[in-house]
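The values are calculated or read from the model by the stated rules, or taken from the named source; none is laboratory data. In this text, all values refer to a predicted model and were calculated from it rather than measured experimentally. With ideal geometry, Cβ positions are generated from the backbone for all residues, glycine too; neighbour counts draw on all protein chains shown. These accessible areas exclude ligands, DNA and RNA; they are computed on the full protein's heavy atoms, side chains included. Shrake-Rupley method; radii C 1.70, N 1.55, O 1.52, S 1.80 Å.
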Amino acid sequence: MTDSFWKTGAPSPRRQDLLWPSLTQALRQLGIVAVMAVVWGVLLLGYLGLTGGQPAEVMGGDSESTLAVVSPTDTPVVALPSPTPSPTPIPPTPTLVATAEPTIQETSVPGAEPSPRPTHTPVPSPTPTPSPVLPTPTQTPAPVPEALETPQVSFAADVLPVFQRRCRNCHGGEKTEEGLVLSAYPDVMTGSWNGPVIKPGNAEESYLVEMVASGKMPKKGPRLLPSEIQAIRDWIDAGALDN
Amino acid sequence: MEFINRLINALVDVHPLHSMTVHFPIALTGTALLFLVLALWRRNEALEQAAFYLITLSAVSTIVAGLTGYRDYMIRFEGDAPLVNVKIFLGVTLFGLTTVIALTRWRRSEILWRPSTMILYLSAFAGSFGLATVLGFLGGVILYGF
């Protein structure tokens, strides 16, 4: 084959004697391709097995934040008034914790579209199973407190860690993109150069929620987990208190 | 001078370089495959040569895309980007495949026109384009979610 046709301006040569592969030749080549593809696939799976596959955040398995929401030691126990403080740590019991757990898990499904919070109807308290070892005051059947109807979200415990973990690079003091600082409660409520980004009591109309729920923020790094977004929503809907 | 400084700042600090450079392997492998199919259809050696040059360029651009990708991974994502393992494996595979194609074609210029290697050669081009496409898709997943 000559390669000077483009230098001389002559018409590019054409293969008049082109031979197509016979069936045997085609099958042999396709077999080679298939074998190589299988070997490559095995190598890929082995490589992913060795390196641990994907980071947990992609799989929605960020154990820290998920446990922070789902953990049975969280909201219900805090919400329940304890008449007598127990001197010894009480292990998580399956009594009233079970009433609040499904409502929180319902909103923290990875990949779920952000939606208005489900209405929490008063859940009948389950029959307490008396523990022969540790009878605690939390096991006494009691009417479900009002606090259980809305998830108790603390700014310091639930929301600020999310800001610090996911937003501080650009909105954390050293860098303040758009004038927004998310490192302390007063700064969060002050908002950006364009005004407040949080409307207390109305998460749906809060600009911050709109940004993180749509995935426009954070610009760098993966999106916030649904559980993290839900924590921010719950905190705003509860009045965006400095708690 | 101010414009030059802003340009350098934009290229080095503001814009993620990987997002710019990844388009080269995707476009080059796709065009190479197109030219190869056209060469077979038209039985045209010029098109086949163009495909060879394009796949060679795509091998080079894959190196650039990989290096800028690693830089963005370390600087912009602070080593915490998802799907990195898969992307590294696919990227290395893409570089290896395009390099092997280019070297083989360089040593054996008749590789497309021989019936015993035609399908292999064509499949390699298609595979490299597929790899580049999947890599681009995974990049989109990282940036925009899935």
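Which one, A:Gln164, A:Leu208, A:Gly221, projects farthest toward the positive side of the charge dipole computed for segment A:154-243 from Cβ point charges (K/R +1, D/E -1)? So the residue furthest toward the plus end is A:Gly221. When only Cα pairs below 8 angstrom with a gap of at least 6 residues are kept, segment B:1-86 shows a relative contact order of 32 percent.
Taking the Cα centre of chain B as reference, the dipole from Cβ charges on Lys and Arg (+1) and Asp and Glu (-1) amounts to some 500 debye.
Tell me which DSSP H helices of chain B clear both cut-offs, 27 Å or more of axial length from alpha-carbon atoms and a mean Kyte-Doolittle hydropathy of at least 1.0. TM-like helix candidates: B:23-42, B:84-107, B:118-144.
Helical runs (DSSP H, four residues minimum) scored at -39500 (n - 2.57) apiece and divided by the length of chain B put the mean residue ellipticity at 222 nm at -27000 deg cm²/dmol. Between chain B and chain A, roughly 3300 Å² of accessible surface gets buried, counting both sides and using a 1.4 Å probe.
Under 22 Å Cα-Cα from A:Lys216, which lysines qualify once same-chain neighbours fewer than 8 residues away are excluded? Answer for A:Lys216, where 22 Å is the Cα cut-off: A:Lys175, A:Lys199, listed by chain and number. For the residues B:Arg107, B:Arg76, B:Arg43, a GNM of chain B with alpha-carbon springs under 10 Å puts the largest fluctuation on B:Arg107.
Against the criterion of solvent-accessible heavy-atom surface with a 1.4 angstrom probe, B:Tyr53, B:Tyr144, A:Tyr47 sort, most first, into B:Tyr144, B:Tyr53, A:Tyr47.
Note on chain B: with a GNM built from Cα contacts shorter than 10 Å, the maximum mean-square fluctuation among B:Leu120, B:Leu112, B:Leu57 falls on B:Leu120.
Rounded to the nearest 20 debye, the dipole size of segment B:9-82 about its Cα centre is 280 debye, using +1 on the Cβ of Lys and Arg and -1 on the Cβ of Asp and Glu.
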